[in-house]
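First comes the structure, then the notes that go with it.
Derivation of every value follows stated rules applied to the coordinates shown; laboratory data play no part. As the structure is a computational prediction, the values presented were derived from the model and not from experiment. For neighbour counting, all protein chains shown are included, and Cβ atoms are generated from backbone atoms with ideal geometry for every residue, glycine included.
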Amino acid sequence: MRPPFEISYDEDGDVLYITGSDNREAVGEEHPVYGEGCVLRFAADTGELVGITIVGTAYKSKSDGRGFKE
């Protein structure tokens, strides 16, 4: 049985990918709270959350508290 999500990190680009294991076609939308660099991806056919892309993950983990913690 495959896990529902796969997680990968591109260290050179500082991008974290959390992707549904079924690889459906998706539409991206910036997250209203975390804003630029945090994109929620929804299945084009059902609107179900199928992935998250976070650009600048390492930077956000060291930010002013609005970002992510290490």
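Annotations for the structure displayed:
- Potential extension, GLU48-GLU25 segment - 0.36 nm per residue separation minus Cα distance: 7.2 nm
- Square roots of five times the Cα gyration tensor eigenvalues for the stretch 15-55, Å: 17, 12, 6
- Rounded to the nearest 0.05, the FRET efficiency derived from the C-beta distance between GLU36 and TYR9 at R0 = 22 Å is 0.70.
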